[in-house]
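The numbers here are math on the coordinates, done by the rules we state, and not lab data. All figures in this text were calculated on a predicted structure; none of them were measured in a lab. Quick reminder, even Gly has a Cβ in these numbers, built from the backbone with ideal geometry, and neighbours come from all protein chains shown.
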Amino acid sequence: MEDIEKYKKAKERIGEIKSFYVHLITYTIVNVAMVIYNLIVTPQVLWFVWPMMGWGIGILVHALSVFLKGRLFSKDWEDKKIKELMEKDQL
């Protein structure tokens, strides 16, 4: 692989990781504000839990897509499996 291609892949990967951390920081700031607002305005009803959980699921999916990307069913995995099956058939 050429250096330019490696650089482009690395830059793309860094962009994905940065995007996740921006998402996580936004989630944290918004949810802290939402908890404070909920406790000041309607302390008898703790509604902040529901949007926090919903968005939390989105954060989890985002994290999995960024940090587990390519580990399952990647091109390398496919190539290894193809080679493995071809070798198995030769026996």
In nm², what is the average projected area of the convex hull enclosing the Cα atoms of the stretch 1-90?
-> 8.7
Within a Gaussian network of the chain (alpha carbon springs, distance under 10 Å), most fluctuating of Val35, Val45, Val61 = Val45
Of Lys11/Lys83; Lys18/Lys83; Lys6/Lys83; Lys9/Lys83; Lys11/Lys88; Lys9/Lys88, which pairs sit farther than 28 Å apart, going by alpha carbon to alpha carbon?
-> Lys11/Lys83; Lys18/Lys83; Lys11/Lys88; Lys9/Lys88
Would you list the membrane-span-like helices of the chain, meaning whole DSSP H runs whose alpha-carbon atoms span at least 18 Å along their axis and whose mean Kyte-Doolittle value is at least -0.5?
-> 3-41, 49-67
Quick one: Tyr27, Tyr37, fewest Cβ neighbours within 10 Å first, how do they rank?
-> Tyr37, Tyr27
Report the charge-dipole magnitude of the chain in Debye, nearest 20, computed about the Cα centre from +1 at each Lys and Arg Cβ and -1 at each Asp and Glu Cβ.
-> 160
The residues Asp76, Asp3, sorted from fewest to most surrounding Cβ atoms within 10 Å, come out as Asp3, Asp76
